[in-house]
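**Q** Take a look at the following structure, please.
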Amino acid sequence: MAENNVRVIYGGGSAGIMGTIADSAMEHGGSVTGIIPKLLLEWEVQHKRITELIVSDDMHIRKKTLYNLCDAAIILPGGFGTLDELFEIVTWNQLSIHYKPVFILNTDGFYTHLIMHIQKMREEEFLYDQAEKRIIVINDPVELIKYFT
């Protein structure tokens, strides 16, 4: 991403997949902005070697700031917080609050069952339109570059 001048905007932590991506982007001369809520400063060690760290008052403001600053969302393998962020940004897209692309990086089939469940929601008519209009599924991280260059 750094080699293609793509700024990383993420949750601001130094651990896990996102911490590794922030480290890599910085090591390759990229720009990284982290947004972390005050609550997580005690729970999650904030990244101290990124371009910018924004501390928000709460989780909702954190998510809103992430979405306001980004041009697209890339959903990497993660837990409940990742799913919360995915479904909120897809819902905002569906409600025309924004039109930013949402990518699911389905590395090694991590999200295959979730994707199947989303398709089931469509089949059962719980969704207004096809999820493919809202979510782009990518299986190989290299494929993402074509969307950002």
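Values quoted throughout were computed directly from the atomic coordinates according to the rules given, and no laboratory measurement underlies them. Model, not experiment: these values are computed from the prediction. When we count neighbours, we look across all protein chains shown, and the Cβ atoms used for this are built from the backbone with ideal geometry, even at glycine.
**Q** Once you charge only the Cβ atoms, +1 for Lys and Arg and -1 for Asp and Glu, what is the size of the charge dipole of the chain about its Cα centre, to the nearest 20 debye?
**A** Values: 13 positive and 20 negative charges, 64 e Å.
The dipole of the chain has a size of about 300 debye.
**Q** Given H placed 1.01 Å from N in the peptide plane, which residues other than close sequence neighbours of F103 have an amide H under 5 Å from its amide H?
**A** Hits under the 5 Å cutoff: A73, I74, I75, I136.
**Q** May I ask you to derive the relative contact order of the chain, considering only C-alpha pairs under 8 Å and at least 6 residues apart, and to give it as an integer percent?
**A** 18
**Q** Would you work out the relative contact order for segment 1-70, in percent, from Cα pairs under 8 angstrom that are 6 or more residues apart? Each step should come with its number before you reach the end.
**A** Details: 127 pairs, mean separation 23.4, N = 70.
After rounding, I find 33 percent.
**Q** How are the alpha carbon pair distances in the chain distributed across 5 Å bins from zero to the largest one, expressed in percent?
**A** Calculated over all Cα pairs of the chain, the distribution is 2, 9, 17, 22, 21, 16, 9, 4, 1, 0 percent.
**Q** Let me ask you something else. Looking at the chain, how many pairs of lysines come closer than 18 Å at the Cα, when each pair is eight or more places apart or spans two chains?
**A** Values: K38/K48; K38/K63; K38/K64; K63/K100; K64/K100; K100/K133; K100/K146; K120/K133.
Lysine pairs satisfying the spacing and distance rule in the chain number 8.
**Q** Roughly what would the spin-label model give for T82 and L53, points 7 Å off Cα along C-beta, in nm?
**A** 2.3
**Q** Just the number, please: percent antiparallel of the DSSP beta bridges in the chain, rounded to the nearest 5.
**A** Values: 1 of 16 bridges.
In the chain, DSSP labels about 5 percent of beta bridges as antiparallel.
**Q** Another question, then. Can you give the log10 of the normalised intensity I(q)/I(0) at q = 0.11, 0.26 Å⁻¹, computed with Debye over equal Cα scatterers of segment 72-149?
**A** Here the Debye-derived log intensity ratios amount to -0.27, -1.44.
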